[in-house]
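Enquirer: Here it is, the structure, as structure tokens.
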């Protein structure tokens, strides 16, 4: 009985030692932190108003709900005007009006 108990204890100790060694050898090519998700949306001619209305309405409400739930930290909308290659930045609090950067 003592022999079985000693054998069982030794086996548990060996398993724990091996598992610690395996976990210690995990080499991750990244560091924990925030992740960005970037999408490129090409609007058809004449559809920009409808799409931007969606972004200012339903999409923004969805992002706010995700932010409130803690699933995302923040969100941003970036637009470019292909005619003059101007980049405009709309922060999540300055999205209404499209052309207003929230004073940032």
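Enquirer: For the structure I just gave you, tell me whether residue 10 is at pLDDT 80 or above and over 34 Å from the mean Cα position of the chain (by Cα).
Expert: yes
Enquirer: Which of (1) modelled with pLDDT under 90; (2) more than 16 Å from the chain's Cα centre (by Cα); (3) surrounded by 10 or more Cβ atoms within 10 Å (Cβ to Cβ) is the odd one out, the single condition residue 77 does not satisfy?
Expert: (2)
The values are calculated or read from the model by the stated rules, or taken from the named source; none is laboratory data. On a predicted model such as this, the values are computed, not experimentally measured, just so you know. Please note: Cβ atoms are built from the backbone with ideal geometry, for glycine as well, and neighbour counts cover all protein chains shown.
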